[in-house]
Each structure stands twice: as structure tokens, then as C-alpha cells.
1. Under a Cβ-Cβ cut-off of 15 Å, what is the net charge of the residues other than E4 that fall near it, where Lys and Arg count +1 and Asp and Glu count -1?
2. Angle check, please: helix 3-19 long axis (alpha carbons) against the longest principal axis of the chain (alpha carbons), in degrees 0 to 90, nearest 10.
3. Of E81, E116, E32, which has the largest mean-square fluctuation in a 10 Å C-alpha GNM of the chain?
4. Evaluate 2.2 N^0.38 Å with N set to the residue count of the chain, then give the Cα radius of gyration divided by it.
5. Can you show me the helix-derived [θ] at 222 nm for the chain, built from DSSP H runs with n ≥ 4 at -39,500 (n - 2.57) apiece and divided by the number of residues, rounded to the nearest 500.
6. Taking springs between alpha-carbon atoms closer than 10 angstrom, which of R67, R93, R123 fluctuates most in the Gaussian network model of the chain?
7. Taking 0.36 nm per intervening residue step and subtracting the Cα-Cα distance, what contour gain separates S21 from E81 on full extension?
8. If each residue of separation counts as 0.36 nm, what is the full-extension length gain between A138 and T114 once their alpha-carbon separation is subtracted?
Amino acid sequence: MDLENLARVVEATLSKISQASGLDELDEAESEALGKRSEIALARRGIGGLDPQDRKKVGQAIHGATRSLTEAIADRRAVLEVEAENALLEKDRVDLTLPYSRPARGTHHLLTRTMEEVCDVFRAIGYEVAEGPELELAWYNFDALNT
């Protein structure tokens, strides 16, 4: 690969990188530019067949192209990650100035709820539920019975 063709490939790849609108497109551009089957990788493999004088020039050009593409990809990735994070934060934004209704605090005890349900069942079938003292006095349970 000659140096002019390498420069054209780098320019085309840089324009793809700058036009990438998402991380997926950027990853695709990165694999096309720096992957195993990219034109830069093919040029890197072909360095061994060049003259020693040309090898140095082409090697430096390939290294510079790889470095510039890597830096451009890293810069664009940072920008896209910030944009994605800002979009996520904007989507999850909550207006704290809006009024809200407080949820009811607490519930009835399990036994209280069960007692109310049982009373509702008895009322539904016609019984009358009466409230009375929870505890009987010892007089009614023991003393009055023995006299």
C-alpha cells in the first residue's frame, strides 16, 4: 500500500468516526479501520516485503495512521458516552417541585384484619356482632360460682 492510499483510507475512516452517531457505529468503524482484515493491517503485513529504506517510511506512516485513528476513536467514544449518559439522565429526570400524595402509612395488624373479615362474614349471614369486655373478672369466673 502506498502512502497516498494510506492517507485516503485514514481520511475516510476519520470521517466515518466523526459521523458515528452511536457507540455501535463507532465500534463498527473501529473494526473496519483497525481490525485484522482492515487495509492498515494488510499494509502492516506487507512491510516485510519492502526495501529497508522504504520499510522505515511506510512503518512510520502506518504507525502514525494507527495512532491518529486510535486517538480519534477514543475522543469520539468519550463524546458519545457523555451524550448517552446525558440522554439517560434527561429521560430519568423527576420534577421535585410537583405536588404528590403521600402513601398511607401503616396497615392493620393481621389479627385485626382477620377479626374484621370474620365479623363481616357473620353479619352477611344475619348475625349481630356485639362488642364486650375482653377479659372477665375473677368474680364472674370463680368466686360467684362458688357462693
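1. Values: positive: R8, K57; negative: D2, E11, E39, D54.
Local net charge: -2.
2. 20
3. Maximum among the listed residues: E116.
4. Values: Rg = 40.3 Å, N = 147, 2.2 N^0.38 = 14.7 Å.
The chain yields a ratio of 2.75.
5. Working: 5 runs with 91 residues, N = 147.
That comes out to -21000 deg cm²/dmol.
6. The residue that fluctuates most here is R123.
7. On the way: separation 60, 0.36 × 60 = 21.60 nm, distance 1.08 nm.
Value of the extension gain: 20.5 nm.
8. Gain in length upon complete extension: 5.8 nm.
Read-outs: derived from the displayed coordinates by stated rules, not from any lab. Treat the numbers as computed from the prediction; the structure is a model and nothing was measured. Heads up, the Cβs are rebuilt from the backbone with ideal geometry, glycines too, and the neighbour counts pull from every protein chain shown.
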